[in-house]
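Worksheet: the structure to be examined is printed underneath.
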Amino acid sequence: MALTTTLIHPSAVVHAGAQIHSSASIGPYAVIGERVTIGADTSVGAHAVIDGYTRIGDRNRIFPHASIGLEPQDLKYDGSMSLVEIGDDNAIRECVTINRPTRTGEVTRLGSHNLLMAYAHVAHNCDLGDRVIIANSVALAGHVTVESHARISGLVGVHQFVHIGRYAMVGGMSRIERDVPPYMMVEGNPSRVRSLNQVLLRRSGISEESEGRTYKELREAFRLLYRSNLTFQSALAEIEGMTENVHVRHLYEFLRVSTETKGRRGPVPGRRK
């Protein structure tokens, strides 16, 4: 165990088997378990608890009272030491909980450059991409997938096995029980696709000015799906002919898999008018 005592508070409880990079810092009363690995320049705040087979990359900031790698809230859990894997440059704010998976060999994964705000819950077997923002008190149930660049506003509950597409935006206090299509803005209870997520697309460099054809084809795909008189399957068939556009192709594949794959919950519907 590579420890630099000046970076580990004397009141912290760090197991001798933990692998802590010499540049990492551990705050007062934090608890680090035997099978934990923490990378360079990562800081762990006061009273945080990190346990289980948990690998944390470089330059992460873990704030006070966060809880990472503890047992899942799943009655099927049998004591297996499954894995939590966290990338680099994440901010995991106060009282965030990230649970390990239910079975041996499974992974709860958080990518890089993500922001998880206070009291967010990431349940067992979740898989989050890169540059995701999850606001305060969001609860992700087990087996939820969140693609890169998605945004989830505060007080949102997400059902088990739901997939949230990249560049999607979920409005605050929504109930998400079906897949959220990429590039869309979704909100409500029951949730509905309200519009194309134009603000995030523009901020990400996908706009009429910078990528005119790409942006127009995304707008046309939205119109066919949610503002035309076509059935959903007919609209999807129309979009299939536009898949030279990488973003429209991703939207098409996401919706096709969501509707055709056993175990997927199907996409959130939109308002037809």
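Nothing in this text is a laboratory measurement; each read-out follows from the coordinates by a stated rule. Bear in mind the structure is a predicted one, so any value in this text is a computation, not a measurement. As a convention, Cβ positions derive from the backbone with ideal geometry for all residues, glycine included, and neighbour counts pool all protein chains shown.
Loop-located GluC sites (Glu not before Pro) in segment 164-273 (DSSP state not H, G, I, E or B) with no more than 15 neighbouring Cβ atoms inside 10 Å: GLU208, GLU209, GLU244. Remark: segment 157-221 projects, on average over all directions, an area of 4.3 nm² (convex hull of Cα atoms).
In a reduced charge model with +1 at each Lys and Arg Cβ and -1 at each Asp and Glu Cβ, segment 1-96 shows a dipole moment near 160 debye about its Cα centre. Does anyone have the angle between helix 246-260 and the longest principal axis of the chain? Alpha-carbon axes, 0 to 90°, nearest 10? The helix 246-260 is inclined about 90 degrees to the chain.
What spacing in nm lies between the two simple spin-label points modelled at GLU71 and MET173, each 7 Å away from Cα in the Cβ direction? With each label placed 7 Å out from Cα toward Cβ, I get 3.6 nm. With R₀ set to 41 Å, the beta-carbon distance separating SER228 from ASP58 gives a calculated FRET efficiency near 0.30.
Every helix of 4 or more DSSP H residues in the chain counts as -39500 (n - 2.57), and over all residues that averages to -5000 deg cm²/dmol at 222 nm.
Alpha carbon centre of segment 91-158 versus segment 193-240: separation in Å? With segment 91-158 and segment 193-240 each reduced to a Cα centre, they are spaced 27 Å. Using every pair of alpha-carbon atoms in segment 123-273, split the distances into 5 Å bins beginning at 0 and state the percent of pairs per bin, rounded to integers. With a bin width of 5 Å, the distribution comes to 2, 10, 19, 25, 21, 14, 7, 2, 0.
Based on the alpha-carbon gyration tensor of segment 184-242 and its eigenvalue square roots a ≥ b ≥ c, which shape applies: rounded if a/c is under 1.5, prolate if not and a/b is larger than b/c, or oblate?
oblate
Computed about its Cα centre, the charge dipole of segment 211-261 is approximately 220 debye, with only Lys, Arg, Asp and Glu carrying charge at their Cβ. Report, to the nearest 10°, how far helix 212-226 tilts away from the longest principal axis of the Cα atoms in the chain, using its own Cα long axis and a range of 0 to 90°. Taking Cα atoms only, the helix is inclined about 80 degrees. Considered as an equivalent ellipsoid built on the Cα gyration tensor, the chain has semi-axes of 39, 19, 15 Å, the largest given first.
Would you mind getting me the FRET efficiency between ALA237 and VAL257? Use the beta-carbon distance for r and R0 = 22 Å, nearest 0.05. Efficiency for this residue pair is about 0.90. With 5 Å bins beginning at zero, the pair-distance distribution over Cα atoms of segment 5-143 amounts to 3, 12, 21, 27, 20, 12, 4, 1, 0 %. Please identify the trypsin sites (Lys or Arg not before Pro) of segment 18-121 that satisfy two criteria: DSSP loop assignment and at most 12 other Cβ atoms within 10 Å. Which are they? Sparse-neighbourhood loop trypsin sites (Lys or Arg not before Pro): LYS76. Label-to-label distance for GLN160 and SER204 is 2.9 nm, based on points extended 7 Å past Cα in the beta-carbon direction.
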